[in-house]
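See structure below.
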Amino acid sequence: MNGFKLLKLLFGAAVVFFLLAPLVAILPLAFTSGALLGYPMEGYSTRWFQELVQADAWRRSIINSLIISVGTTALATVLGTVGALGLRGNQYSFVFNSIKTVFLLPMVVPAVVLGVGMQLMFAQYDLLNSYIGVIIAHTVVAVPFVVINVLAVLQSVDRRVEQAAASLGAPPHIVLQKVTLPLAKPGIISGAVFAFATSLDEVVLTLFVAGPNQRTLARQMFSTIRENISPAIAAAAFVFIVGTILIALVMILTQRKAAAQPQ
């Protein structure tokens, strides 16, 4: 191993350590038996996971997060897939790039700016403090992830496959259903996973558009940090991380299964 390869290996290890060190530091605290979030740990216990299930505030926030994340995922996946199908064209044209930029704006606009704008707009349509309002707000920031993933897959699909299906007499909706969407399935699944994770983790927009009855797990964690740093936060973070890893594994297995199937 020459010096350059060794340097790359050390740099990669340093980056991985930098990314994982905070997780390694916080996750064991989810199993502490003490009431304080810090080291050294007094002992090991699952009392804080029990609190997530038994305490009304935590239990309700978990249910709200699942409801809102599932609704956001469904809406963002449909809108993002339709948007990607519409954007699938001449990627070098000015119009194409302009419209694509509009779709990606929620990724670069500060969440506070989006939150203030949505709060003002939703107030006019009685969408504040409602599940529908929160789902719409989360969908705005989740759609770009679906568009990016689906569009990346669609642009790699050979259009001649669809043209062959059309030349054999298949109407446009059959070509879309039987050819285009199955080929775009990996991108759709990836976009849906990113949309779910984005909604689950979103807290700024939730602060602006959600009411007490729509308090999500991320917002509950934010409020708990402000009021009292409890090990329950570490337990909630543990659930977050493990859930994300499981979703990622499901996505990888689904994509491998789809890739192994004969076209």
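If I filter region 134-147 for residues that are assigned to a helix (DSSP H, G or I) and either outside the structural domain of I63 (by the TED database) or open to solvent by 70 Å² or more (accessible area, probe 1.4 Å) (or both), do I get at least one hit? Looking for residues that are assigned to a helix (DSSP H, G or I) and either outside the structural domain of I63 (by the TED database) or open to solvent by 70 Å² or more (accessible area, probe 1.4 Å) (or both), one finds none in region 134-147, hence no. May I ask you to verify whether V70 is within 24 Å of I233 (Cα to Cα) and assigned by the TED database to the domain that holds L183? Taking the combined requirement at face value, the residue satisfies it.
Counting the residues of region 88-126 that are farther than 27 Å from L181 by Cβ and either open to solvent by 40 Å² or more (accessible area, probe 1.4 Å) or free of Cβ contacts under 8 Å to residues at least 12 places away in the same chain (or both) gives 15. Test A232 against the stated conditions and say whether it is under 16 Å from T72 (Cα atoms), in a helix (DSSP H, G or I) and modelled with pLDDT of 80 or more. No. Quick check on region 238-247. Is at least one of its residues more than 27 Å from I132 (Cα to Cα) and either assigned to a loop (DSSP other than H, G, I, E, B) or open to solvent by less than 40 Å² (accessible area, probe 1.4 Å) (or both)? Scanning region 238-247 turns up no residue that is more than 27 Å from I132 (Cα to Cα) and either assigned to a loop (DSSP other than H, G, I, E, B) or open to solvent by less than 40 Å² (accessible area, probe 1.4 Å) (or both).
For region 137-161, the candidate set comprises residues that are farther than 18 Å from F194 by Cβ and of a type in the set (V, I, T); within that set, the residue that is modelled with the lowest pLDDT is V157.
Cβ-Cβ contacts under 8 Å between residues 6 or more apart (or on different chains), taken from a first residue in region 171-190 that is assigned by the TED database to the domain that holds N149 to a second residue that is surrounded by fewer than 17 Cβ atoms within 10 Å (Cβ to Cβ) and among the charged types (D, E, K, R), are absent. Within region 10-46, track down each residue that is open to solvent by 60 Å² or more (accessible area, probe 1.4 Å) and either in contact with a strand residue (DSSP E or B) (Cβ under 9 Å, 6 or more places away or on another chain) or part of a loop (DSSP other than H, G, I, E, B) (or both). Hits for region 10-46 are F31, A35, L36, Y39, P40, E42, Y44, T46. Can you name every residue in region 182-229 that is in a helix (DSSP H, G or I), under 17 Å from R60 (Cβ atoms), of a type in the set (V, I, T) and open to solvent by 10 Å² or more (accessible area, probe 1.4 Å)? Of everything in region 182-229, just one residue is in a helix (DSSP H, G or I), under 17 Å from R60 (Cβ atoms), of a type in the set (V, I, T) and open to solvent by 10 Å² or more (accessible area, probe 1.4 Å), namely T224. The residue that is farthest from L75 (Cα to Cα), among those in region 113-133 that are in a helix (DSSP H, G or I) and of a type in the set (F, W, Y), is F122. Once region 159-181 is narrowed to residues that are surrounded by 14 or more Cβ atoms within 10 Å (Cβ to Cβ) and of a type outside the set (A, V, I, L, M), the residue that is farthest from T73 (Cα to Cα) is E162.
The values are calculated or read from the model by the stated rules, or taken from the named source; none is laboratory data. Note that the coordinates shown come from a computational prediction; the quantities given were computed from them, not determined experimentally. With ideal geometry, Cβ positions are generated from the backbone for all residues, glycine too; neighbour counts draw on all protein chains shown. The accessibility values were calculated without ligands, DNA or RNA, using every heavy atom of the protein model including side chains. Shrake-Rupley method; radii C 1.70, N 1.55, O 1.52, S 1.80 Å.
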